[in-house]
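Chemist: Here it is, the structure, as structure tokens.
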Amino acid sequence: MIFARDIYTLDNHEMVLNDPDKIDKIRADIKAGDTYIFKQVIPQETLSKIRNYLTQIGSNSLPNYRAIERNCPNFHRLNRWDSRAYVKGCFHQFVFFPWNEDVFDLFNLCRPVYQMKNLLSGLSANKFLGKTPEDDCTARLAFQFYPAGLGGLNKHTDPVDSHQLTVPTMMLSQKGVDFHQGGAYVEPENGDRIFLDDFCGWGDVVYFNAQILHGVERIDPDVQPDWLSFQGRWMLLFAVNKLSSNKTISDSVDLEIKEKS
Ligand SMILES: [Fe+2]
């Protein structure tokens, strides 16, 4: 078991991306349980436009679940503590794949974060970012809205395998403004919760070892829930997932719905 250790905050994402020695140091630290937060990797102004766009889509079209398959359309879906999921959660999720064009050119915008994730994982910088899957895996961007009064994700670990060491996340909201209680946490050895959202704001990217126990504590439990208000916690997950047909590496437990056997 890996436990959360220290948190380091840096503001030079691009410089680190081009510094192999620094990458090696951060990789070793993350393997041992440290968390790295890079400030303002993507401008708030851009992220605010994306959040508004997703709010419009979420308000005006039906959510639907889709399995991760080659040429899968971009989609959004709603998860209300779905009993079929390995990790139970409550959120509205908007999913994008590299083979689909989108108005924000999201995979170009997010390329530096995937490059950092890949290099920290010991992979070539642009792995999984092509228009077709590699090793039966694909990059997948998942924006997630956790509504005040309802949103959360149970404690879990994510698979660390040949395809990743860390699953980066980025805030598209601000604790203390968009919500006040709960949020993302990692667990140190003493069993406490370190709330990452206390250290992060819009555009800040968090890298931690996916084997550390983590989750999202219920957002503002005393607030009357309203999915369509889109008030609460917004974040972006920089995932690499196996295709649903790939049985060679561990399942992604975080977000996929799987039928219980
Ligand atoms: Fe996770």
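Chemist: Which one of Gly201, Pro73, Val160 is farthest out on the positive end of the charge dipole of the chain, using unit charges on Cβ (Lys, Arg +1; Asp, Glu -1) and the Cα centre as origin?
Modeler: After comparing all options, I get Pro73.
Chemist: How high is the FRET efficiency between Arg111 and Glu134 when r is their beta carbon distance and R₀ equals 22 Å, given to the nearest 0.05?
Modeler: Result of the calculation: an efficiency of 0.90.
Chemist: What residues qualify as long-range amide H neighbours of Cys72, i.e. H under 5 Å apart, gap of 5 or more or another chain, H built at 1.01 Å from N?
Modeler: Placed amide hydrogens put nothing under 5 Å from Cys72.
Chemist: Right, something else. Indicate, rounded to the nearest 5 percent, the antiparallel portion of the DSSP beta bridges found entirely in segment 7-242.
Modeler: Just about 90 percent of them are antiparallel.
Chemist: Same structure, new question: If you plug each phi of segment 39-54 into the Karplus form 6.51 cos²θ - 1.76 cosθ + 1.60 with θ = phi - 60°, what whole-Hz ³J(HN,Hα) values come out, in order, with x for Gly and Pro?
Modeler: For segment 39-54, the Karplus curve yields 7, 6, 6, 10, x, 4, 4, 5, 5, 5, 5, 5, 4, 5, 4, 5 Hz.
Chemist: Additional query: Restricting to DSSP H runs of at least four residues, report the calculated mean residue ellipticity at 222 nm for the chain, -39500 (n - 2.57) per run over all residues, nearest 500 deg cm²/dmol.
Modeler: -5500 deg cm²/dmol
Chemist: Give Lys88/Lys127; Lys127/Lys175; Lys31/Lys175; Lys31/Lys88 a once-over and call out the pairs whose C-alpha atoms are over 31 Å from each other.
Modeler: Pairs exceeding the cut-off: Lys127/Lys175.
Chemist: For segment 7-242, take N as its residue count and report Rg(C-alpha) divided by 2.2 N^0.38 Å.
Modeler: Normalised by 2.2 N^0.38 Å, the Cα Rg of segment 7-242 equals 0.96.
Chemist: Another question about this same structure. Taking amide H positions as placed 1.01 Å from N in the peptide plane, with prolines and chain starts having none, which residues 5 or more places from Tyr86, or on another chain, fall under 5 Å of its amide H?
Modeler: For Tyr86, whose amide H was placed from the backbone, the distant partners under 5 Å are Lys258.
Chemist: Below 8 Å, C-alpha to C-alpha, sequence gap of six or more: please give me the relative contact order for the chain in percent.
Modeler: 26
Chemist: Something else about it: With θ set to phi - 60° and the Karplus curve 6.51 cos²θ - 1.76 cosθ + 1.60, what are the ³J(HN,Hα) couplings of segment 121-134 in order, to the nearest whole Hz, using x for Gly and Pro?
Modeler: Computed from phi, the couplings for segment 121-134 are 8, x, 10, 5, 4, 9, 4, 6, 9, x, 6, 10, x, 10 Hz.
Chemist: Determine ³J(HN,Hα), in whole Hz, for all residues of segment 175-181 in sequence, where each value follows from phi through the Karplus function 6.51 cos²θ - 1.76 cosθ + 1.60 and θ = phi - 60°; x replaces Gly and Pro.
Modeler: 5, x, 10, 7, 7, 10, 10
Chemist: Quick one: compute the contact order of segment 111-150, relative version, from alpha carbon pairs under 8 angstrom and 6+ residues apart, as a percent.
Modeler: Value for segment 111-150: 24 percent.
Chemist: So who's got an amide H within less than 5 Å of the one on Phe3, skipping anything under 5 residues away but keeping other chains? H placed 1.01 Å off N, in plane.
Modeler: Correct list: empty.
Only the coordinates and a few stated rules stand behind these numbers; no lab work does. Remember, it's a predicted structure, so these values are computed and weren't measured experimentally. Positions of Cβ are backbone-derived with ideal geometry, glycine not excepted, and every protein chain shown enters the neighbour counts.
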